[in-house]
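Below: the structure, in structure tokens.
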Amino acid sequence: MSYRALISCVIAMLSAAVALIFLYHHAESIGLVDKPSERKRHVGNIPLIGGLSALFGVIAGMCFEGESLLFTNALLGTGAVLALTGALDDRFDLSVRSRLLVQTAAVLTMIYCTHTYIHTLGHLFGYNLELGAFGIPLTLLSVIGLLNAFNMMDGIDGLAGMLTLVSIGAITVYQGISQWHSVILLLLLAAALLPDLAANLDLLGRKVFLGDAGSMMIGYFLAWTLIQLSQQAQPHLSTVDVLWCVALPVLDTLQVMVRRLREGKSPFKPDRGHIHHIMMNAGFSAHTTLVMLVGLAMTLVYVGTWTRHLTHGSNLLAFASVTAIYVVLMGRIYRMQLASKAMVATARTIGASQKLSLAAPLQPTTVGPYQEHENETHQESVDSSEQQQA
């Protein structure tokens, strides 16, 4: 890696830190704060500025690097549009349709400007699978799917950022350290995310969140870089390698989508059924959950390096098998947790009703056809009730 690239990464990190400090003092006035709710369990209003500061750092680093390739420029431009859309979503809570329209426009713009898309799946089962024009809708689905996968994984402190670092590390290893120049934008992104991670993990005393601007930008940059690397004439990454580089976000998104569709719900309707929610419901702390999920993501990357030595097609079957196991297992655990919560809620309701009935005052009753004095009648009623209870 050249000294110029190292300096570019340092500039990206410092620029992101400066942007983070500036935006922190203005987040409340522009409405970029996350407020606690039923699904959001944090304390107080937290600035949603991590993604915007990281974008500023990437742009600053790229300006110093002097990269002028059409693909990189188009990716930065459309990525900036998505980041701003994410910021507007953080501020005004845009509809799913609006977000999908902007995402679709960004992807189609990239395809039109760079002529890059998934035109082949490589050699699978002895065949070279060329997609032709059918690769365009697959590219659209893949990019939108991955950027929303990272958006969905942004559920606990540091998770989306750490998974991004794992993915960038996996891509660098799969591609080869000597080919670092082909992933310079991702290296700048990794450097620019460090100030946000430090603040998000509360290491600086002033907490911030990545926000939809950051999670969408991360998924978008990763998706297009993986597509470009896998669609070269002599790629270092196969189509299946791409899946292993982002395995955990992809697996979790698939299991959530499958479960929601089976329940008759919209796949875009948020709930607390992601793996980080499941683990925290099982009693793990947020810190332990983060460490375990990062370890799981790294383990999946390692499994992917092992499957690279399998025959063409067998590596895809290996990923499909892991996906099926993950979807079934997580879905079953989620249903068991829901059933357990329902039983606890029912037991509490029954207990509360029993306490209420025991604490209710005894009502006076009449024991004879004649009442000469109200006090005497009331005393007889109490005596009669006590005898019945005895």
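Among (1) within 26 Å of the chain's Cα centre (by Cα); (2) crowded, with 17+ Cβ neighbours inside 10 Å, where does residue 77 come up short?
Exception for residue 77: condition (2).
Kindly evaluate residue 58 against the criterion of being open to solvent by less than 40 Å² (accessible area, probe 1.4 Å), without any contact (Cβ under 8 Å) to a residue 40 or more places away in the chain and closer than 28 Å to residue 231 by Cα.
Criteria not met by residue 58.
For the stretch 217-252, which positions are over 24 Å from residue 279 (Cβ atoms), touching a residue at least 12 places away in the same chain (Cβ under 8 Å) and hydrophobic (A, V, I, L, M, F, W, C)?
Passing the criteria: 217, 221, 223, 224, 226, 227, 229, 237, 240, 242.
It is to be established whether one or more residues within the stretch 351-364 are surrounded by 12 or more Cβ atoms within 10 Å (Cβ to Cβ), at pLDDT below 50 and more than 59 Å from the chain's Cα centre (by Cα).
Checked against the condition, which is being surrounded by 12 or more Cβ atoms within 10 Å (Cβ to Cβ), at pLDDT below 50 and more than 59 Å from the chain's Cα centre (by Cα), the stretch 351-364 yields no hits at all.
List every residue pair whose Cβ atoms sit under 8 Å apart, with the two residues 6 or more apart in sequence or on different chains, where the first one lies in the stretch 334-345 and is in a helix (DSSP H, G or I) and the second, anywhere, is open to solvent by less than 50 Å² (accessible area, probe 1.4 Å) and modelled with pLDDT of 90 or more.
Close Cβ pairs satisfying both conditions: 334/259; 334/273; 334/278; 337/278.
Output the qualifying pairs, or none if there are none: Cβ atoms under 6 angstrom, residues six or more apart or on different chains, first residue in the stretch 177-195 and over 21 Å from residue 207 (Cβ atoms), second residue among the aromatic types (Phe, Trp, Tyr) and open to solvent by less than 20 Å² (accessible area, probe 1.4 Å).
189/221
Of the residues that sit in the stretch 115-148 and are open to solvent by less than 50 Å² (accessible area, probe 1.4 Å) and over 28 Å from residue 268 (Cβ atoms), which one is modelled with the lowest pLDDT?
Across the stretch 115-148, the extreme among qualifying residues is 124.
All but one of (1) part of a helix (DSSP H, G or I); (2) open to solvent by less than 60 Å² (accessible area, probe 1.4 Å); (3) closer than 22 Å to residue 253 by Cβ; (4) at pLDDT below 95 hold for residue 160; which doesn't?
The number of the failed condition is (4).
Say whether the condition of being open to solvent by less than 20 Å² (accessible area, probe 1.4 Å), of a type outside the set (Phe, Trp, Tyr), at pLDDT 90 or above and in a loop (DSSP other than H, G, I, E, B) is met by at least one residue in the stretch 251-274.
Yes, there is a match, as at least one residue in the stretch 251-274 is open to solvent by less than 20 Å² (accessible area, probe 1.4 Å), of a type outside the set (Phe, Trp, Tyr), at pLDDT 90 or above and in a loop (DSSP other than H, G, I, E, B).
Every residue in the stretch 191-216 that is open to solvent by less than 20 Å² (accessible area, probe 1.4 Å), within 19 Å of residue 18 (Cα to Cα) and in a helix (DSSP H, G or I), please.
Matches in the stretch 191-216: 191, 192, 193, 195, 196, 197, 199, 200, 211, 213, 214.
Criterion first (touching a helix residue (DSSP H, G or I) at 6+ places or on another chain (Cβ under 7 Å), on the phi > 0 side of the Ramachandran plot and surrounded by 22 or more Cβ atoms within 10 Å (Cβ to Cβ)) does residue 86 satisfy it?
Against the criterion (touching a helix residue (DSSP H, G or I) at 6+ places or on another chain (Cβ under 7 Å), on the phi > 0 side of the Ramachandran plot and surrounded by 22 or more Cβ atoms within 10 Å (Cβ to Cβ)), residue 86 does not qualify.
I want to confirm something. Restricting to the stretch 306-321 and keeping residues that are out of contact with any helix residue (DSSP H, G or I) (no Cβ under 7 Å at 6 or more places or on another chain) and open to solvent by 30 Å² or more (accessible area, probe 1.4 Å), which single residue is farthest from residue 129 (Cα to Cα)?
So, considering only residues that are out of contact with any helix residue (DSSP H, G or I) (no Cβ under 7 Å at 6 or more places or on another chain) and open to solvent by 30 Å² or more (accessible area, probe 1.4 Å), the one farthest from residue 129 (Cα to Cα) is 306.
Here is a list: 143, 58. Which entry is within 16 Å of the chain's Cα centre (by Cα) and part of a helix (DSSP H, G or I)?
Result of the check over 143, 58: 143.
Restricting to the stretch 167-176, and then to whatever is in a helix (DSSP H, G or I) and either small (Gly, Ala, Ser) or free of Cβ contacts under 8 Å to residues at least 40 places away in the same chain (or both), can you tell me which residue is surrounded by the most Cβ atoms within 10 Å (Cβ to Cβ)?
167
In the set 142, 68, 95, which member is within 28 Å of residue 6 (Cβ to Cβ) and among the polar types (S, T, N, Q)?
The match here is 68.
Where residues in the stretch 286-336 are of a type in the set (Phe, Trp, Tyr) and closer than 17 Å to residue 246 by Cα, which of them is nearest to the chain's Cα centre (by Cα)?
Among residues in the stretch 286-336 that are of a type in the set (Phe, Trp, Tyr) and closer than 17 Å to residue 246 by Cα, the one nearest to the chain's Cα centre (by Cα) is 326.
The values are calculated or read from the model by the stated rules, or taken from the named source; none is laboratory data. Given the structure is predicted, the values throughout are model-derived calculations rather than measurements. For neighbour counting, all protein chains shown are included, and Cβ atoms are generated from backbone atoms with ideal geometry for every residue, glycine included. To get the accessible areas, we keep the full protein, side chains included, count just its heavy atoms, and leave off ligands, DNA and RNA. Shrake-Rupley method; radii C 1.70, N 1.55, O 1.52, S 1.80 Å.
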